[in-house]
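Every read-out reported here was derived from the displayed coordinates using simple, explicitly stated rules and does not represent laboratory data. Remember, it's a predicted structure, so these values are computed and weren't measured experimentally.
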Amino acid sequence: MGSVSGLAAADWMIRDFLDHGLLRRMEVAHEVNGSGTVNWRHTVELVPAAMSRGRPVYLDTITRRSETDNRNFATRLHRYLLERLSSEYGPVLDLEPVVLDHEPVEQLDALPPAEECEARLIAEQRQTYSQRGIDLLEMMIATVRSLEMENSLGLSLYGTSYFHHVWEAACAAAFGNDVEKWLPYLPRPCWTATDGSSAETDTFIPDLVTIVSQGELLIGDAKYYRPSMPPMLGNVPGVNDVAKQIWYKECLIEEAAKQGYGSILNAFLFPADTTKVSLMGCVELPAGGARVDAIAVPFLFALAAYAGDKPHDPSTWRTVLANAIKGIL
């Protein structure tokens, strides 16, 4: 079978496990007058018979008992690989992680060297007669080789179940971001004890703050979901998100004016299947009060900007956004 990728091994082994379960090695033991089935061949060969009316009678019998060997190396390695691969690749394959805490099989604390694993699995193959067992052991050998190679080369598969963080980074790449410059002007909560001692804690941080033009500033909040605007309103930011965006603007407006910015644009940035930044609508708190605009951002174009797939000019996107808010086509 050679070598396989960790992802391919995970897919094969998890699906094999779901169909056939954990690899098991049965340990066979023979005992005198045990609770297992009588092995008459052994009994006749090894136990002296007493004669009764010309017939042999066996006062003792040799019995055969089979039980699962929970210390078998191949079984323990199978458990280790299943739990490790399903944890690393299960989310990518849309498969649940395999957790075998209920199994009496002894755990391996770490993956032994590939050379040791291969030698012991080959020895196990010589005692295996089912095609499934032979194929599984071969896949385990290939998987161990692959994991050792990935480790030596420093290869990994990275993913995230929090894609909204990626969307925040994509919007920052698409429009540019100078948020660090403006953080000193956002007030922090200050806690004071009865003895007069005080300390400040962390504050809210905007997703992005960037210069739109010589006299305009943009505060953006990247939201990774698809809103439905009136008349069928749904899946929109809550009042806390709206209030937070308005608070950002109120906190920065004085310093922005000092630095020559007479206008601050405030916007939620939503992913959309479009090719151009466009205005979807707005929200006001209260009605007729402070406003935050809802902007549709081209999803694939923003990700391409984030990935650096092609040349990108954030200033162009900022200009288009500002024109969309102002109704300039």
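Computed values, structure above
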read-out: All-pairs alpha carbon distance profile, region 203-254, 5 Å steps from 0, percent; value: 5, 16, 23, 23, 15, 12, 6, 1
read-out: Principal semi-axes in Å for the chain [√(5λ), Cα gyration tensor, largest first]; value: 70, 23, 19
read-out: Cα pair distances exceeding 20 angstrom across region 1-132, given as percent; value: 60
read-out: Expected 222 nm ellipticity per residue - DSSP helices of 4 or more, -39500 (n - 2.57), all of the chain, to 500; value: -13500 deg cm²/dmol
read-out: P(r) of region 172-329 over all Cα-Cα pairs, binned every 5 Å from zero, in whole percent; value: 2, 8, 17, 21, 19, 14, 9, 5, 2, 2, 1, 0
read-out: Alpha-carbon gyration tensor eigenvalues x 5, square-rooted, for region 187-275, Å; value: 30, 21, 10
read-out: Degrees separating the helix 163-175 axis from the principal Cα axis of the chain, which is the longest one; value: 40
read-out: Cα gyration tensor shape of region 249-299, rounded if a/c is under 1.5, else prolate or oblate by comparing a/b with b/c; value: oblate
read-out: Inter-centroid distance (Cα atoms) of region 95-109 relative to region 260-281, Å; value: 49
